[in-house]
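Report on one structure; see the data block that follows.
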Amino acid sequence: MEKELAKNLSEFIFQTNYQELPKEVVHQAKRCILDFLGVALAGSGVGLAPLITDILSKMGGKREATTIGDGRKLPVLNAALLNSVRGHTLEMDDGHRYANGHPGVVIIPAALAVAEKENITGKEVIEAIVAGYETFIRIGISINPSHLKRGFHTTGTIGPFGAAAACSKILGLSKKEIKNALAIAGLQGAGLLEVMASGQIMKPLHPGKAVQGGLLASLLAKEGAEGPDLIFEGEKGFLKAFSDVSDLSKILYGLGSHFEIMNIYFKLHAACRHIHPALDATIEIMNRNEINVREIKRINVHTYSAAYLLTGQKKEVNTELAAKFSLPFSIALLLVYGKAGTDEYSLEHIKNPLVQDLAEKVNIVVDKERDDFYPDKRGACVSIETLKGVYTHELDIPKGEPEFPFSDDELKNKFFQNVRNAFSVERISQIQKAIFHMENKPIRELMELVS
């Protein structure tokens, strides 16, 4: 397979055609766009986003692409970076459990920015997004979980490949140019999971830089720049540098006929995905029983190692973003406020004495059996002990996975909840209709609606 991997991927990207895509794949791409725009709109004033906004706005430059939520026009590279950062700050963007990363937050802002600059239609954007998702997810599957265990954030490291695939498609690159774009993208990936232990405010920089890197790679390839021939398989190439174990066959298996975009998950809660199984189990307990949270004595959570290592260890939580990576605080917020959405992860709520007290009562246990089934199953068992009794619920898959999917109505409601404070009901309806009927309309029309 030497010298063939990038070549085969570039051929797939080049040949991806809207007319030949299954209807369900086209529809799923639209669902991904809707979800991304909602979380980006809601995240525009949170965490790192305002800081990046201020820096990039002061730089000025050509007015090429819209920044979501405020209508600024920035150079395409900067607009794509900023929109990606805004889309990741809430921790509500889509993901893929086998790829261990978030494809939408790098691929969609890249595609939208370039599409707006080039003034193309929704059909071409859908083609690009599908090509980007397949590229990102398949590379992620091939090197995980080894890549994750080594401390890399897949969204940042593999993101440039996905963004390059999408941008290359929109820019109309040749097969050779796409291959070079992928190779140049592979030189730019970066992202360390240490950011989940502290300094969480910087985590959205990973996808932001990935978007910028993939887009830059495509622009360079269009100008004739060349990248390493064996960017994936080389002795010092991406796969060997970033993982201890990789499986190249997973990148090409069913390419063009089996679409991994159908297997992405959407998030209900504004927290790290590894926390969601425990949150869903807690919701079931709350729905089935009358529980007075002030009578809770202990909360036991049985989960898998990755969930514990990334979100379960006891540490100081005094920011909104830190709470999003804390399983104890997320459960406590859910118990006190009934949800774990964007509004609940506020500093005021985190400092609530009752939330603090409940978080201390959460005990997390790693089950070897759950590790044996990971990542096929990413579940949890929650047991809440109160003065009146013990209530338990267990699940294998959280809401939003392909086995337990969101309906269109549920996704639209999530979008509504995220943007209700920014837009009128009429405007929200217009945006949703524009996305689900975007084929023959210039993408600039959609970007005007979300500005």
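Read the figures in this text as sums done on the coordinates, not as results from a lab. For clarity, every value in this text was computed on a predicted model and none was experimentally measured. Virtual Cβ from ideal backbone geometry, glycine too; neighbours counted across all protein chains shown.
So what's the angle, to the nearest 10 degrees on a 0 to 90 scale, between helix 104-118 and the longest Cα principal axis of the chain?
So the helix axis and the longest Cα principal axis differ by about 40 degrees.
Return Leu446, Leu309 ranked ascending by Cβ neighbour count within 10 Å, so the fewest neighbours appear first.
Ascending number of Cβ neighbours within 10 Å: Leu309, Leu446.
For a protection proxy built on the mean count of beta-carbon atoms within 10 angstrom, sort 296-304, 347-355, 11-19, 410-418 highest first, please.
Ranked by mean Cβ neighbours within 10 Å, highest first: 296-304, 410-418, 11-19, 347-355.
Output wanted: per-residue J couplings in Hz (rounded whole) for region 60-65, from phi through Karplus 6.51 cos²θ - 1.76 cosθ + 1.60, θ = phi - 60°, x for Gly and Pro.
My calculation for region 60-65 gives x, x, 5, 8, 10, 8 Hz in order.
Just to check I understand the Karplus step: with θ = phi - 60° and J = 6.51 cos²θ - 1.76 cosθ + 1.60, what whole-Hz values come out for region 128-142, glycine and proline as x?
5, 5, 4, 4, x, 4, 4, 5, 4, 5, 5, 5, x, 4, 5
Kindly put Met92, Met202 in sequence by how many other C-beta atoms sit within 10 Å of each C-beta, fewest to most. If you can, show how the numbers build up before the last one.
Working: Met92 27, Met202 16.
Ascending number of Cβ neighbours within 10 Å: Met202, Met92.
Count the net charge of all other residues whose Cβ sits under 13 Å from the Cβ of Ala359, scoring Lys and Arg as +1 and Asp and Glu as -1.
Residues close to Ala359 contribute a combined charge of +2.
Please report the spacing between the Cα centers of region 241-271 and region 145-161 in Å, no decimals.
Each part reduced to its Cα centre gives a spacing of 12 Å.
Only counting other Cβ atoms within 10 Å, I'd like Met262, Met196, Met286 sorted with the fewest neighbours first.
The fewest-first ordering by Cβ neighbours comes to Met262, Met286, Met196.
Using only Cα atoms and rounding to the nearest 10 degrees, what angle (0 to 90) does helix 76-88 make with the longest principal axis of the chain?
20
Within 10 Å, count the other beta carbons around each residue, average over each peptide in 25-31, 438-444, and list them highest first.
25-31, 438-444
Among rounded, prolate and oblate, which fits region 273-395 when a ≥ b ≥ c are the square roots of the eigenvalues of its C-alpha gyration tensor, a/c under 1.5 means rounded, and a/b larger than b/c means prolate?
On the way: a/c = 1.71, a/b = 1.16, b/c = 1.47.
The shape class here is oblate.
Just from its helices, what would the mean residue ellipticity at 222 nm be for the chain, if runs of 4 or more DSSP H residues each count -39500 (n - 2.57) and the sum is divided by every residue, rounded to the nearest 500 deg cm²/dmol?
-15500 deg cm²/dmol
Starting from the alpha-carbon convex hull of region 1-125, give the projected area averaged over all orientations, in nm². The partial results should precede the final answer.
On the way: hull surface 37.4 nm².
Reported value for the Cα convex hull: 9.3 nm².
In nm, what is the difference between 0.36 nm times the number of residues separating His437 and Glu11 and their Cα-Cα distance?
Full extension from His437 to Glu11 adds 150.5 nm.
Averaging the inverse of every distinct alpha carbon separation and then flipping it gives the Kirkwood radius. What is it for the chain, in angstrom units?
Averaging 1/r across every pair of different Cα atoms and inverting gives 21.9 Å.
Determine the percent antiparallel among the DSSP beta bridges restricted to region 273-395, to the nearest 5.
70
Under the rule of at least 5 residues apart or a separate chain, name every residue whose amide H is placed under 5 Å from the amide H of Phe152.
Here the answer is Leu193, since their amide H atoms fall under 5 Å of that of Phe152.
At a threshold of 8 angstrom on Cα-Cα distance, excluding pairs fewer than six apart, so keeping six or more, what relative contact order does the chain reach in percent? Mind showing how you got there, number by number?
Numbers: 912 pairs, mean separation 89.2, N = 451.
Relative contact order here is 20 percent.
May I ask for the distance between the Cα centers of region 351-369 and region 38-78, given as a whole number of Å?
Between the Cα centres of region 351-369 and region 38-78 lies a distance of 37 Å.
Report the semi-axes of the equivalent ellipsoid for region 197-302 in whole Å, largest first, where each axis is √(5λ) for an eigenvalue λ of the Cα gyration tensor.
Values for region 197-302, descending: 42, 19, 16 Å.
Any idea how far the Cα center of region 416-451 sits from the one of region 279-315, in Å?
First find each Cα centre; the distance between them is then 36 Å.
Helix 276-288 against the longest principal axis of the chain: what's the angle in degrees, Cα atoms only, rounded to the nearest 10?
40
What per residue convex hull volume, in Å³, comes out for region 325-451 when only alpha-carbon positions are used?
169
Which percentage, to the nearest 5, of the DSSP beta bridges contained in the chain is antiparallel?
80
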